[in-house]
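Engineer: Sharing a structure, written as structure tokens. Questions coming.
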Amino acid sequence: MIDVSNLMAPTANIYSLVRGSSEGQTPLNAFDNALLNAGVGDTNLMRMSSILPPDAQQHDIADLDLPAGGFLPLAYAAIDSKRPGTVIASAVAVGIPEDDEAPGVIMEFEDEDELLTVEQKARQMVVNAFESRNRELKEIKSIGIDHKVKECASAFAGVVLWYE
Amino acid sequence: MIDVSNLMAPTANIYSLVRGSSEGQTPLNAFDNALLNAGVGDTNLMRMSSILPPDAQQHDIADLDLPAGGFLPLAYAAIDSKRPGTVIASAVAVGIPEDDEAPGVIMEFEDEDELLTVEQKARQMVVNAFESRNRELKEIKSIGIDHKVKECASAFAGVVLWYE
Amino acid sequence: MIDVSNLMAPTANIYSLVRGSSEGQTPLNAFDNALLNAGVGDTNLMRMSSILPPDAQQHDIADLDLPAGGFLPLAYAAIDSKRPGTVIASAVAVGIPEDDEAPGVIMEFEDEDELLTVEQKARQMVVNAFESRNRELKEIKSIGIDHKVKECASAFAGVVLWYE
């Protein structure tokens with residue numbers, strides 16, 4: 001049994017798949033706008049790599065009561081481009097194990113490509129990660145977005161970990 | 001009302017603008033020296049992206065009682081260079097909203113350029129971010145530093161979030 | 001005296017040196033496999049930069065009761081390559097101060113080179129960091145790994161901070 005008072009932070013027990021894309025005046029503004037589009041634009045993203053806690057439950061991001069300016073742990077893919085006409089895409093995939101006491105795995109991928117290809121790659125990476133662990137895979141959930149660049153754009157997809 | 005026991009960490013309520021630059025034997029040593037110069041060199045920086053919690057109050061970094069080796073959440077810009085004679089600069093800008101129950105936005109920018117140009121760009125990015133949010137901007141605070149590289153140098157500017 | 005209720009997270013009091021390398025179907029799968037090889041593959045890495053809290057004690061990673069999917073603060077070096085035959089290496093070095101009330105410094109280095117060279121460089125960076133602080137250095141501990149790429153590989157070394 002883990003004593004939660006001895007951790008940096010309690011382990012999350014819910015997760016949410018989010019995505020967004022946008023143009024912006026600079027790459028960072030485009031990223032900021034993509035985060036707003038994804039529903040996480042007024043929080044402090046803390047990037048992590050990339051495990052789903054055992055038995056975590058999925059929620060819609062709109063149902064989470066995210067504190068403005070609060071610290072939001074998440075795994076994400078992001079890409080930006082200033083080349084008009086380029087297609088950019090980000091996707092994340094979450095592997096859920098058969099054994100609900102085992103952790104799942106999150107994989108992120110981004111590329112100058114269509115969403116279909118990028119999301120498929122993220123899903124395949126989850127399959128690989130479960131094979132590496134000899135862990136039986138029950139289901140893969142994934143989300144992503146692509147965007148044809150007008151002037152300067154960002155595409156973002158992530159898995160937020162949170163608490164209920 | 002947010003139940004703070006259900007967060008990864010409590011939302012910060014104070015912030016501090018910091019900056020530093022230095023030479024160093026390697027890029028990482030130069031960065032480490034720039035952090036010492038900025039007053040945050042003996043803490044564990046945890047990078048985040050990049051919102052000012054509502055009604056957070058500004059303090060001087062010297063007035064914060066930072067624990068040695070403690071975890072310090074911050075947004076930052078950093079750049080290093082090994083090309084003698086190059087000017088490098090980092091800046092951060094914080095937009096404070098008219099509505100003190102709304103969050104602010106932090107923007108970071110770094111480039112091989114003079115501070116004036118780099119800091120102005122970070123400030124403009126804050127203006128853009130407030131327009132994206134349809135949020136009225138009361139004030140922009142910014143800080144930055146530039147450095148002419150002798151052999152190997154780093155320039156750093158950040159917004160530390162903390163607690164009182 | 002620091003009031004720990006006023007921190008983002010309590011300051012860690014133990015640390016563990018870890019390393020791993022692996023092939024994988026993609027760079028991210030190779031990294032994931034290297035983390036599994038290092039004993040931290042089912043946790044959420046939160047990267048930080050890079051101080052050892054005062055008087056922290058060293059433990060073997062196998063002795064830490066890491067929660068699956070929990071947040072794991074650490075400093076690390078990582079490198080991947082898809083060029084068969086290339087040697088890649090990552091190393092971390094930890095400087096322990098003479099004064100056990102002072103913090104130590106962690107340095108990370110990775111390169112396409114043999115471990116001996118890469119680890120030596122990380123150790124030298126610790127010497128530099130202590131000179132910058134005018135702090136007396138008692139001892140340097142280091143760990144690393146190199147790997148000759150077959151198809152697509154990652155080499156990882158890190159210092160985990162944790163609690164007891």
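Engineer: Determine the calculated [θ] at 222 nm for chain C from helices alone, applying -39500 (n - 2.57) to every DSSP H run no shorter than 4 residues and normalising by the residue count; nearest 500 deg cm²/dmol. Walk me through the intermediate numbers first.
Structural biologist: Numbers: 2 runs with 31 residues, N = 164.
My calculation for chain C gives -6000 deg cm²/dmol from helical runs alone.
Engineer: Residue by residue through segment B:77-87, which ³J(HN,Hα) values in whole Hz follow from phi under the Karplus form 6.51 cos²θ - 1.76 cosθ + 1.60 (θ = phi - 60°), with glycine and proline marked x?
Structural biologist: Whole-Hz 3J(HN,Hα) from phi for segment B:77-87: 10, 8, 8, 10, 7, 10, 9, x, x, 5, 9.
Engineer: In percent, how large is the relative contact order of segment C:2-92, given Cα pairs closer than 8 Å and 6 or more residues apart?
Structural biologist: 28
Engineer: Between B:F31, B:F130, B:F109, find the one with the highest GNM mean-square fluctuation for chain B; connect C-alpha pairs within less than 10 Å.
Structural biologist: Comparing B:F31, B:F130, B:F109 in a Gaussian network model of chain B, the most mobile one is B:F130.
Engineer: Hey, another quick one. Strictly over 21 Å apart at the Cα level, which of C:K82/C:K148; A:K82/B:K138; B:K82/C:K138 would you flag in this model?
Structural biologist: With Cα atoms farther than 21 Å apart: A:K82/B:K138; B:K82/C:K138.
Engineer: Any idea what angle helix C:115-133 forms with the longest principal axis of chain C, computed on alpha-carbon atoms, 0 to 90 degrees, nearest 10?
Structural biologist: On a 0 to 90 degree scale, this one is about 20.
Engineer: Starting from the Cα gyration tensor of segment C:86-141, multiply each eigenvalue by 5, take the square root, and state the resulting semi-axes largest first in whole Å. Could you put the intermediate results ahead of the total?
Structural biologist: Values: eigenvalues 120, 16, 11 Å².
Taking √(5λ) for each eigenvalue gives 25, 9, 7 Å, largest first.
Engineer: Still on this model: With chain B treated as a Gaussian network of Cα nodes joined by springs under 10 Å, which of B:D55, B:D146, B:D111 yields the largest mean-square fluctuation?
Structural biologist: B:D55
Engineer: Tilt of helix A:27-38 relative to the longest C-alpha principal axis of chain A, in degrees (0 to 90, nearest 10)?
Structural biologist: 60
Engineer: Any idea what Rg and Dmax come out to for segment B:36-113 if you just take the C-alpha atoms, in Å?
Structural biologist: Looking at segment B:36-113, its Cα Rg and Dmax stand at 14.8, 47 Å.
Engineer: Here's another thing I want to ask about it. Rounded to whole Å and ordered largest first, report the semi-axes of the equivalent ellipsoid of chain C derived from its Cα gyration tensor (root of 5λ).
Structural biologist: Whole-Å semi-axes of the equivalent ellipsoid: 28, 20, 11.
Engineer: Taking the highest mean first, how do the peptides C:67-75, A:57-65 order by number of other beta carbon atoms within 10 angstrom per residue?
Structural biologist: In descending order of packing, they fall as C:67-75, A:57-65.
Engineer: How large is log10 of I(q)/I(0) for the protein assembly as shown at q = 0.07, 0.10, 0.11, 0.12 Å⁻¹ when the intensity is taken from the Debye formula with one equal scatterer per alpha-carbon?
Structural biologist: Values, matching the q order: -0.35, -0.75, -0.94, -1.15.
Engineer: Which lysines have a Cα less than 18 Å from the Cα of A:K141, not counting those fewer than 8 places away in the same chain?
Structural biologist: Cα-Cα hits under 18 Å: A:K121.
Engineer: I want to verify a result. In a Gaussian network model of chain C, Cα cutoff 10 Å, which of these has the top mean-square fluctuation: C:M46, C:M125, C:M107?
Structural biologist: C:M46
Engineer: Averaged over its residues, how many other protein chain Cβ atoms are within 10 Å of peptide C:37-43's Cβ atoms?
Structural biologist: 4
Taken together, the values in this text are just the output of simple stated rules run on the coordinates, not laboratory data. The model shown is predicted, which means the values in this text are computed figures rather than measured ones. Every residue, glycine as well, gets a Cβ built from its backbone with ideal geometry; the counts of neighbours run over all protein chains shown.
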